[in-house]
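Worksheet: one structure, shown below.
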Amino acid sequence: MLRFLPLCSALALIGCYEDHGLRGAAPEAPDAGPAVDCVEVPADDPEVVRPEKVDLLLMVDNSNSMNEEQGSLARSLPGFVRALVSGDADLDGRVDFAPVGSLHVAVVTSDMGTGAHEVPTCEDARFGDDGVMRPANTALDGCAPDDAPFLTFEPGGDESVDAFAARAACRTTVGTGGCGFEQQLEAALKAVTPSTSPIRFFGDSVGHGDGANAGFLREDSILAVVMVTDEDDCSARDPDLYDSDAAAYRDTDLNLRCNLHRDALYGVWRYVAGLISLREREPGRLVYATIAGIPSDLSGEPEAVSLLDLRLEERVNPDMSNRLLPSCDVTGRGQAFPPRRLLEVGQRLREAGARTTHISICQEDFSPAVALVLEEIRAAARPVCE
């Protein structure tokens, strides 16, 4: 069972219990003991390294502009899974890292409702999909009913890599009927946060890590969180931000409220602290990747560098006053917009010791994105003990 370690003591965040949706006074941090920073090799076969466990959480934007991007993600899954379980990062026939011995894959969407306010495209205005891991999308051809919260792949079993990847694609192709107020960070955090955490969500609800999504996150795994979206996060501390009639925001178009009223959103430290706490003893075993509106030439750069790029500034489009200027735009695939909050989380997670990367969503082939995520997972793996 996962042990939740206090967020404030973990990161020494001054005032975080007042500012980031946490309850009560900061408790004392328990003695976590020494971190396990390497893996043993079997005595009878020193050439074999004990395989790693990887828990892969995919947050897939299900708003109405994500059809092509979901298709690209589904097409990239077979190669991604094959590389993980073979240890062959570039699929050239040579092993590059210790193969993954057990893989969990789960999918959540960006739809977290709108605080009970009625908004077009937000069918369940109260909670949306609520960070609960998605079952298979049986509306797709070849996708059989599968209600388990996550998928498990054990190399050497009866299921082939291609068959497993096909089942995973039945989950990542989540459709485009989701809420237009995307709450990518809130969805990912609620999915893996245990109910014992002081973090609270809309309606004073708790996380699903040991409830609806129990069993996904293992204590000794590499946790990889991958955000796939064409817009920035809009996880609101004040749900009235989503209310078209709210007096405080009435002068701002709904399409721009998330960008022009940042003070109504949760601070990014909420997500940094929440994710790091799950791997506090070994923050380097947390991988956070953003596949979003990044200009292609910035893929793989440190977040701090990309955030200084003019193309990632939030600027109102002079030709369309209720929209931002896109940060990347590909004919036939549509536009994507600056994911500043997602990058800010990545920047601070990197500073806290996690492995992070970001990649452009404005491309038909997600192979470059897969390669960068694979490299971070490889780097997160423990070295062999001397």
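Tabulated data
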{"item": "Near pairs, Cβ below 6 angstrom, 6+ apart or cross-chain, from region 118-136 (touching a residue at least 12 places away in the same chain (Cβ under 8 Å) and closer than 23 Å to L241 by Cβ) to any residue that is charged (D, E, K, R) and crowded, with 20+ Cβ neighbours inside 10 Å", "result": "G128/D111; D129/D111; G131/K190"}
{"item": "Region 295-304, residues that are open to solvent by 10 Å² or more (accessible area, probe 1.4 Å) and either acidic (D, E) or in contact with a strand residue (DSSP E or B) (Cβ under 7 Å, 6 or more places away or on another chain) (or both)", "result": "S296, D297, S299, G300, E301"}
{"item": "Residue count, region 216-243 (criterion: more than 23 Å from the chain's Cα centre (by Cα) and open to solvent by 60 Å² or more (accessible area, probe 1.4 Å))", "result": "1"}
{"item": "Evaluation of G131 against (1) open to solvent by 50 Å² or more (accessible area, probe 1.4 Å); (2) of a type outside the set (D, E); (3) at positive phi (one fails), failing number", "result": "(1)"}
{"item": "Positions within region 187-215 being open to solvent by less than 10 Å² (accessible area, probe 1.4 Å) and assigned to a helix (DSSP H, G or I), in sequence order", "result": "A187, A188, L189, K190, A191, V192"}
{"item": "Enumeration of residues in region 172-213 that are free of Cβ contacts under 8 Å to residues at least 60 places away in the same chain and either touching a Gly at 6+ places or on another chain (Cβ under 9 Å) or closer than 21 Å to L103 by Cβ (or both)", "result": "S195"}
{"item": "Answer from R315, R311 - the residue that is out of contact with any Asp or Glu (no Cβ under 7 Å at 6 or more places or on another chain) and closer than 27 Å to C122 by Cβ", "result": "R315"}
{"item": "Filter result for A352 (at pLDDT 95 or above, of a type in the set (G, A, S) and surrounded by fewer than 23 Cβ atoms within 10 Å (Cβ to Cβ))", "result": "yes"}
{"item": "Test: residue in region 366-380 that is in a loop (DSSP other than H, G, I, E, B) and farther than 29 Å from G87 by Cβ", "result": "no"}
{"item": "Selection status of A292, under 16 Å from R341 (Cβ atoms), in contact (Cβ under 8 Å) with a residue 24 or more places away in the chain and surrounded by 24 or more Cβ atoms within 10 Å (Cβ to Cβ)", "result": "yes"}
{"item": "Odd one out for D162, checked against (1) of a type in the set (D, E); (2) part of a helix (DSSP H, G or I); (3) closer than 30 Å to N255 by Cβ", "result": "(3)"}
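This table checks each residue for (1) under 19 Å from A224 (Cα atoms); (2) in a loop (DSSP other than H, G, I, E, B); (3) at pLDDT 85 or above; (4) out of contact with any helix residue (DSSP H, G or I) (no Cβ under 9 Å at 6 or more places or on another chain).
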{"position": "D45", "(1), (2), (3), (4)": "no, yes, no, yes"}
{"position": "V54", "(1), (2), (3), (4)": "yes, no, yes, no"}
{"position": "A83", "(1), (2), (3), (4)": "yes, no, yes, no"}
{"position": "A89", "(1), (2), (3), (4)": "yes, yes, no, no"}
{"position": "A106", "(1), (2), (3), (4)": "yes, no, yes, no"}
{"position": "M112", "(1), (2), (3), (4)": "no, yes, yes, no"}
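The values are calculated or read from the model by the stated rules, or taken from the named source; none is laboratory data. Bear in mind the structure is a predicted one, so any value in this text is a computation, not a measurement. A quick note on method: Cβ atoms are made from the backbone with ideal geometry, for glycine too, and the neighbour counts reach across all protein chains shown. Ligands, DNA and RNA are stripped out before the accessible areas are found, and what is left, the full protein with its side chains, is counted by its heavy atoms. Shrake-Rupley method; radii C 1.70, N 1.55, O 1.52, S 1.80 Å.
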